[in-house]
1. Of all residues in region 91-124, which are under 20 Å from residue 81 (Cβ atoms), in contact (Cβ under 8 Å) with a residue 12 or more places away in the chain and outside any loop (DSSP other than H, G, I, E, B)?
2. Check off (1) modelled with pLDDT under 80; (2) under 30 Å from residue 115 (Cβ atoms) for residue 93 and give me the number that stays unchecked.
3. Here is a list of conditions, (1) under 17 Å from residue 124 (Cα atoms); (2) modelled with pLDDT of 85 or more; (3) assigned to a helix (DSSP H, G or I), and residue 65 meets all of them except one; can you say which number that is?
4. Would you mind finding the one in 54, 79, 28 that is at pLDDT 85 or above and not in a helix (DSSP H, G or I)?
């Protein structure tokens, strides 16, 4: 009878320990003696069950900034400089148009549109 109580108590302790173990973090430590697992991180420890950090995705579409830089590198230096100047011109013209209280007229948009056309012709 006494063994039965010990068995039930042991089962309760194990069940309680198992429910608590899921909430704790475990670390994998590699030492000269082999691999050990611990609740306390050791030097060079790795969290067990933690997702690995993804360094890069080779199949990802490159950002437009990167694509633009690659395209610009293929241009002759004088066109590259003009494209860089057009970047600033387009930003300034767009900001000026956005400040207008009403929709811009064709005359007000002329400089912005001419800069966009030139930008396209240069293949910036």
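1. Kept after step one, since they are under 20 Å from residue 81 (Cβ atoms), are these residues of region 91-124: 91-93, 111, 114-124.
Then keep just the ones that are in contact (Cβ under 8 Å) with a residue 12 or more places away in the chain; that gives 93, 111, 115-116, 118-119, 122-124.
93, 111, 115, 116, 118, 119, 122 - these are the residues of region 91-124 that are under 20 Å from residue 81 (Cβ atoms), in contact (Cβ under 8 Å) with a residue 12 or more places away in the chain and outside any loop (DSSP other than H, G, I, E, B).
2. Residue 93 satisfies every listed condition except (1).
3. Of (1) under 17 Å from residue 124 (Cα atoms); (2) modelled with pLDDT of 85 or more; (3) assigned to a helix (DSSP H, G or I), only one is false for residue 65: (2).
4. Working: 54 fails: at pLDDT 85 or above; 79 fails: not in a helix (DSSP H, G or I).
After applying the criteria, what remains is 28.
The values are calculated or read from the model by the stated rules, or taken from the named source; none is laboratory data. Being a predicted model, the structure only gives us computed values, none of them experimental. In this analysis, Cβ positions are derived from the backbone assuming ideal geometry, glycine residues included, and neighbour counts consider all displayed protein chains.
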